[in-house]
Amino acid sequence: MTLPLLFEQLLNGLQLGTMLFLMASGLTLVFGVMGLINLAHGSFYMVGAFVTAWTAGTTGSFWVGLGAGILAAAAVGAVVELLVIRRLYHRQHLDQVLATFALILIFSEGTRWLFGSSPLWLNVPEALSGAVALPGGSRYPVFRLVIIAVGVLVAVALFLLISRTRLGMRIRAGESDREMIGALGIDIAKLYTLVFALGAALAGLAGSMIGALQSVQVGMGEPVLILAFVVIVIGGIGSIKGALIGSILVGLVDTLGRVFLPSLFKLFMAPADASGVGAALASMLIYVLMAIILAFKPKGLFAAND
Amino acid sequence: MTVPRIHRETWVNWTLLGLLLVAPVIANALGEVYYVNLATRIAIVAMAAVGLNLAIGYGGMISFGHAAFFGLGGYVAGISAFHAFDMTPVLSWPVTMTGTDNLLVIWPAAMLACAVLALAIGSISLRTSGVYFIMITLAFAQMIYYFAVSWPTYGGEDGLPIYLRNQFPGLDSNDPLSFFLICFVALVLALAITARLMQSRFGAALSMARINETRLATAGIAPYPIRLVAFVISAVITGLAGALFADLNGFVGPSMLSWHRSGEIMVIVILGGVGRLYGPLSGAILFVLMETLLGGLTEYWLLFLGLVLLFVVLFARGGVMGLLAGRARHE
């Protein structure tokens with residue numbers, strides 16, 4: 001276990017964490033403001049990735065594709081909010097779960113119908129396809145560093161949006177008392193659509209960027225969605241700060257666990273067994289982390305409102 | 001004393017159960033084994049949903065992780081058959097346990113395993129409520145799923161075939177009709193146990209834990225243990241259904257543990273009608289028939305399932321039982 005390897009894996013963990021934050025912030029915002037649990041959030045991630053891959057493949061430009069992917073995810077989010085989601089705000093969580101589960105089925109099969117079952121491929125833009133030297137001698141892909149930077153930028157922008165702008169003030173007001181801000185003449189329905197589309201756009205952004213690292217295929221949003229759930233449960237549902245800290249925690253624990261747990265078991269087990277046991281336990285690690293945190297803090301680390 | 005009038009819902013219940021029993025018997029007489037297996041599938045899926053209905057419908061615990069129990073039951077059946085076939089022990093330490101293909105041993109083992117897992121998951125998850133509970137049960141089920149995928153001994157991602165269906169003493173479980181009858185009896189028992197349970201003091205306490213927790217506590221009954229016991233019973237019923245499902249398909253794999261499976265069982269409960277005793281049965285009939293008929297027409301049948309589900313949730317609350325038998329009598 002060398003220092004460069006550790007450093008590289010820390011960056012990988014950070015990259016996973018910032019991507020999770022893009023997903024988790026949208027989920028937690030929608031829950032905090034509208035009280036809605038949205039399983040279909042992973043579908044916006046998938047829409048972002050597919051539209052980016054398709055547009056980039058057609059136009060030849062990653063950046064055009066990225067823009068199209070984010071816009072498409074936001075537009076799909078807004079349409080879904082207008083047609084389905086706004087009927088669910090006053091319903092029980094069970095209804096919300098089922099309706100958004102139905103949306104997943106519709107989006108996944110619809111995408112399969114449009115694009116077929118074989119995955120699309122999206123290349124890392126040329127300008128970002130190189131690698132930089134890390135202290136210690138190893139090299140690290142620039143694109144992954146850019147993803148981390150984008151995640152940090154979005155976190156700062158969200159913080160400023162929510163704490164410093166009029167829109168953010170309305171969002172915070174909507175979180176604490178929706179009747180009151182409606183009475184003060186704010187169009188609450190429009191605000192909800194906007195917040196939902198914003199969350200969808202962030203998910204689309206995450207999907208577009210990850211699409212360049214993995215294959216773009218139906219169902220790609222689901223593992224990420226479940227990780228994002230773990231994140232917001234750990235961080236406290238409704239809290240952006242919790243989402244940020246939860247994302248980094250989950251990203252680091254998951255990445256480092258997968259790399260180092262098998263080698264840890266090799267210290268006292270036969271190598272073949274050790275990699276099996278190590279891999280199996282590493283895949284459970286974040287859930288164990290979640291269980292431990294919940295055993296002490298049933299509402300997560302930074303419970304906002306409930 | 002007047003003779004109690006038989007309610008419309010009771011008629012619907014008996015009709016559904018009668019249809020499920022008669023249809024495969026006729027199909028078997030006509031030599032249509034496919035339809036016998038289809039009925040077996042309905043009975044098993046319905047039983048899994050009966051288990052979940054106890055948690056969601058009666059207990060108000062929206063578990064999005066029941067695939068964990070369904071799959072664990074399946075894996076117990078699969079692993080036991082695997083070792084019986086291989087003539088290797090399941091465990092060599094601390095005690096030696098050999099594999100078996102006797103269903104009367106496998107079922108209690110599957111139920112016990114599910115009870116232990118449910119106790120662990122439930123005791124942590126039930127400390128929370130609302131959305132947290134939904135997400136935590138989902139996350140724990142995913143944990144089991146990833147464990148099964150990355151654990152190579154029992155097939156990992158590829159799953160585990162069951163070459164010879166496990167045996168029931170005195171019956172030929174390979175005969176489709178006999179196996180259907182085994183599953184049918186199991187379903188009827190699950191329904192009977194649920195009904196009996198909900199008529200007991202325990203059932204009353206469970207309902208009150210859902211409707212008004214504070215009031216239950218004021219009456220001197222702590223809600224947490226009541227919920228935990230109900231969650232465990234619910235998991236055990238779903239787990240037994242999973243063991244039957246593995247034997248029906250001759251295969252157990254991570255797909256039985258996936259969150260789609262949890263969603264599917266939940267969809268069946270809702271399509272049928274939440275908190276109605278026979279809701280899961282009507283939901284399972286509708287679901288399996290849709291899967292078979294639509295799935296035969298188009299490979300994108302899940303798209304249509306999604307649309308139907310969306311419609312039921314948004315506009316037709318109460319599901320099939322609401323449609324056939326009117327509003328629920330209580331509450």
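Rounded to the nearest 10 degrees, the angle from helix A:240-266 to the longest Cα principal axis of chain A is 20 degrees. Can you tell me the orientation of helix A:142-164 relative to chain A, as the angle in degrees between its alpha-carbon axis and the longest Cα principal axis, to the nearest 10? Rounded to the nearest ten degrees, it is 30.
Each residue of the range A:276-281 was assigned a 3J(HN,Hα) from its phi angle through the Karplus expression (A = 6.51, B = -1.76, C = 1.60, θ = phi - 60°), giving x, 4, x, 5, 5, 6 Hz with x at Gly and Pro. By the beta-carbon count within 10 Å of each Cβ, the least crowded to most crowded order of B:66, A:93, fewest first, is A:93, B:66. Specify the residue with the greatest mean-square fluctuation among A:267, A:227, A:105, computed from a Gaussian network of chain A linking alpha-carbon atoms under 10 Å apart. Highest fluctuation of the listed residues: A:267. Shape analysis of the range B:8-325 based on the Cα gyration tensor places the equivalent ellipsoid semi-axes at 29, 26, 19 Å, largest first.
Distance from the C-alpha centroid of the range B:130-189 to that of the range A:204-250: 30 Å, rounded to the whole angstrom. Restricting everything to alpha-carbon atoms, can you work out Rg to Rh for the protein assembly as shown with a Kirkwood hydrodynamic radius? For the protein assembly as shown, the value is 0.98.
This model, with +1 at the C-beta of Lys and Arg and -1 at the C-beta of Asp and Glu, gives the protein assembly as shown a dipole about its Cα centre of some 1780 debye.
The Cα atoms of the range B:161-260 give a gyration tensor whose axes a ≥ b ≥ c have a/c of 1.5 or more with a/b greater than b/c, which makes the shape prolate. Compared with the dominant principal axis of the Cα atoms in chain A, helix A:188-211 is inclined by about 20°. Check the straight Cα-Cα distances from residue A:241 and name the lysines below 29 Å, setting aside those fewer than 8 residues away within the same chain. Cα-Cα hits under 29 Å: A:190, A:297, A:299.
Database remark: amide H of residue B:102 closer than 5 angstrom to the amide H of B:167 (H placed geometrically; neighbours at sequence offset of 5 or more, or on other chains; Pro and chain starts carry no H).
The string of couplings for the range B:151-158 from the Karplus curve (6.51, -1.76, 1.60, θ = phi - 60°) is 8, x, 4, 10, x, x, 5, 7 Hz, one whole number per residue in order, with x for Gly and Pro. Given springs between every Cα pair under 10 Å in a Gaussian network model of chain A, which of A:77, A:242, A:168 has the largest fluctuation? Highest fluctuation of the listed residues: A:168.
Note on chain B: with a GNM built from Cα contacts shorter than 10 Å, the maximum mean-square fluctuation among B:219, B:67, B:205 falls on B:219.
Between residue B:90 and B:97, B:98, B:99, the built amide H atoms are under 5 Å apart, and every one of these is 5 or more places off in sequence or on another chain. Charging the Cβ of each Asp and Glu at -1 and of each Lys and Arg at +1, and nothing else, the dipole of the range B:8-325 about its Cα centre rounds to 1220 debye.
Each part reduced to its alpha carbon centroid, the range B:51-127 and the range B:242-318 end up 22 Å apart. Which of rounded, prolate or oblate describes chain A when judged by the alpha-carbon gyration tensor and an a/c cut-off of 1.5? Judged from the Cα gyration tensor, chain A comes out prolate (a/c at least 1.5, a/b above b/c). Exposure proxy ranking for A:297, A:266, based on other Cβ atoms within 10 angstrom of each Cβ and starting from the fewest, stands as A:297, A:266. Distances between placed amide hydrogens fall under 5 Å for residue B:251 paired with B:162, all partners being 5 or more residues away or on another chain.
Remark: A:176, B:262, A:275, A:43 ranked as A:176, A:275, B:262, A:43, counting other beta-carbon atoms within 10 Å and listing the fewest first.
Each of B:212, B:198, B:255 was scored by the projection of its Cα onto the charge dipole of the range B:183-331, and the greatest displacement toward the positive side belongs to B:212; charges sit on the C-beta of Lys, Arg, Asp and Glu. The base-10 log of I(q)/I(0) for the range A:17-169, evaluated at q = 0.15, 0.18, 0.19 Å⁻¹, reads -0.96, -1.23, -1.30 [Debye formula, identical scatterers on Cα atoms, solvent excluded]. Each residue of the range B:35-41 is assigned a 3J(HN,Hα), and the resulting list reads 6, 5, 5, 4, 5, 4, 4 Hz, derived from the Karplus form 6.51 cos²θ - 1.76 cosθ + 1.60 (θ = phi - 60°), x at Gly and Pro. Helical content of chain B, expressed as a calculated mean residue ellipticity at 222 nm, amounts to -23500 deg cm²/dmol (DSSP H runs of 4 or more residues, -39,500 (n - 2.57) each, divided by residue number, nearest 500).
Think of each Lys and Arg Cβ as +1 and each Asp and Glu Cβ as -1; about the Cα centre, that makes the dipole of the range A:3-219 roughly 240 debye.
Read-outs: derived from the displayed coordinates by stated rules, not from any lab. Remember, it's a predicted structure, so these values are computed and weren't measured experimentally. Note that we place each Cβ from the backbone using ideal geometry, even for glycine, and neighbour counts take in every protein chain shown.
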